[in-house]
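Read-outs throughout are calculated quantities, based only on the coordinates presented, and are distinct from any laboratory measurement. A quick note: this is a predicted structure, and the numbers were derived from the prediction, not measured. No Cβ is skipped: glycine too gets one built from the backbone with ideal geometry, and neighbour counts run over all protein chains shown.
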Amino acid sequence: MTEFAAVPNETIFTMETTPLKFGPGATAEVGYDLKRLGVKRPLLITDRGLVRTGLADRVCHVLCEADLAADLYDDVHVEPTDVSWEAIAEYVQGRDYDGFVAVGGGSVIDSAKAANLFTTYPAQLTDYLNKPIGKGLPIPGPLKPLVAIPTTAGTGSETTAVAVLDILSLHVKTGISHRYLRPTLAIVDPLNTLTLPPMATAYPGFDVLTHALESFTSRPYDARPRHRPDDRPVYVGRNPVSDLWCEKALEYLGRSLRRAVLNGYDMDARTDLALAATYAGIGFGNAGVHVPHALAYPIAGQVRSFVPPDYPEGQPLIPHGLSVISTAPATFRWTFPTSPERHVRAAQLLGGDTSGLTDAQARDVLPQTLLSLMRDTGIPNGLGALGFGDADVAGLVDGALKQQRLLVCCPRDVGAEELEPIVRASMQHWT
């Protein structure tokens with residue numbers, strides 16, 4: 001390949017995202033969209049909680065009306081594991097599905113991505129898992145059509161090229177990252193989120209918030225080493241296009257996160273959160289996330305006794321949005337020197353008071369704005385409230401260091417020496 005650029009820095013950024021259909025009632029058009037994509041025999045993937053709400057049956061009815069012969073798989077776990085992925089991979093083997101429909105939150109959509117991958121290119125799970133936990137092999141080619149219908153305003157998985165799971169034996173989260181995983185179409189219908197209880201609204205909402213903040217403050221694409229087109233990562237670093245999506249997501253969160261948690265039937269707030277989740281998904285799915293997400297994986301993987309309210313399983317679990325926001329205030333106090341203006345701008349978009357700040361106040365305005373949102377929406381007070389203590393610091397740091405594909409996006413060089421004080425500062429946020 002002829003080399004044109006003489007500098008060692010990256011000079012190119014890419015923007016790839018999923019086509020989007022948005023609006024109340026959009027779910028009713030899924031049959032039309034599948035037929036448009038040439039799908040005749042889809043697998044509908046969901047979880048048992050959504051089956052109990054009747055939503056899965058309504059989608060099945062829509063597919064039946066469109067003369068689509070769909071099977072239903074409802075054994076998706078909240079926060080998928082290697083065991084649950086191996087189960088769905090075994091289920092799809094030998095079946096002639098020519099497309100997939102995911103109805104659910106990030107756990108369902110990520111599981112559908114895995115089902116699509118393993119029915120199209122069967123392999124050992126570890127072959128595709130990100131390094132150093134797996135081999136990180138590239139996906140050989142395009143997958144079958146996948147239509148994602150999110151029922152939470154959270155992960156943005158309907159727009160991203162990443163699927164995440166827990167490795168039970170290692171007590172750590174990891175995933176598969178490749179552009180071919182990105183869904184073919186996202187149908188985002190705010191009506192599907194109306195029945196979410198308060199904390200099942202708040203935790204995913206803070207996942208959206210950290211997606212946008214981490215991407216908005218990530219290392220710029222042109223301050224990273226150059227890549228050849230065949231090895232350019234999915235996460236390329238912040239850029240002028242990702243900034244647009246992230247800023248809009250923060251604006252919608254600032255005006256509507258509290259409202260949606262406190263009054264689940266506030267349709268305007270629900271619509272704002274649904275848009276914010278999709279916008280942030282486009283932004284971070286291109287730019288990338290960093291420290292809070294890297295730490296979130298071991299935080300969730302090393303849970304002992306925390307049982308989240310409003311979640312169906314009734315067993316120890318730290319939802320992803322809770323694990324990422326727990327270390328965000330300390331992280332953004334530490335990253336502030338890399339882009340003070342961005343940190344202040346983010347606080348302003350989230351509703352913080354940014355007028356007449358001294359230098360010291362400017363450094364704290366984003367962390368304090370986050371803490372205000374956390375207190376107002378019932379987020380537990382730091383890692384200590386989730387069951388962690390000083391004895392856990394080394395394990396959490398070690399787990400985060402395994403997430404180098406995320407840490408490379410951090411605007412400051414980061415290793416164990418930098419992560420340890422962030423974890424310690426996150427044990428308790430307020431008194």
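Quick notes on this one:
- Dimensionless Rg over Rh [segment 264-345; C-alpha; Kirkwood]: 1.03
- Dipole-positive endmost among 300, 8, 281 within the chain (Cβ charges, Cα centre): 8
- When each of 306, 388, 206, 22 is scored by the number of other beta-carbon atoms lying within 10 Å, the sequence from fewest to most is 22, 306, 388, 206.
- For 430, 334, 85, 245, order by how many other beta-carbon atoms lie within 10 Å, fewest first: 430, 334, 85, 245
- Share of pairwise Cα separations in segment 26-188, more than 23 Å, in percent: 30
- About the Cα centre, charge dipole magnitude for segment 198-425 (Lys/Arg +1, Asp/Glu -1 at Cβ), debye: 340
- Rounded to the nearest 10 degrees, the angle from helix 198-216 to the longest Cα principal axis of the chain is 70 degrees.
- Using a simple spin-label model with pseudo-atoms 7 Å out from Cα toward Cβ, residue 7 and residue 255 lie 3.7 nm apart.
- Ascending count of other beta-carbon atoms within 10 Å, so fewest first, for 157, 242, 177: 177, 242, 157
- Note on residue 431 and residue 90: the extension gain reaches 117.8 nm, defined as 0.36 nm multiplied by sequence separation minus the Cα-Cα distance.
- Only the Cβ atoms of Lys and Arg (+1) and of Asp and Glu (-1) were treated as charged; on that basis the dipole of the chain about its Cα centre amounts to roughly 480 debye.
- Computed log₁₀ I(q)/I(0) - Debye formula, equal Cα scatterers, no solvent, segment 171-294, q 0.11 Å⁻¹: -0.41
- If R0 equals 41 Å, the separation of the Cβ atoms of residue 338 and residue 135 corresponds to a calculated FRET efficiency of about 0.80.
- A helix-only calculation puts the chain at -13500 deg cm²/dmol for mean residue ellipticity at 222 nm, using -39500 (n - 2.57) for each DSSP H run of at least four residues, averaged over all residues.
- Neighbour net charge for residue 109 - beta-carbon separation under 12 angstrom, K R +1, D E -1: -1
- Between residue 69 and residue 28, the contour length at 0.36 nm per residue exceeds the alpha carbon distance by 13.1 nm.
- Against the main long axis of the alpha-carbon atoms of the chain, helix 106-120 sits at an angle near 50°.
- For the chain, radius of gyration divided by Kirkwood radius, i.e. Rg to Rh on alpha-carbons: 0.95
- Check: segment 49-176 dipole with +1 on Lys, Arg Cβ and -1 on Asp, Glu Cβ, in debye: 400
- Cα radius of gyration and Dmax for segment 16-93 (Å): 13.8, 35
- Cross-link pairs exceeding 30 Å between alpha carbons, from the set 21/135; 35/173; 40/131; 113/248; 35/248: 21/135; 35/173; 40/131; 35/248.
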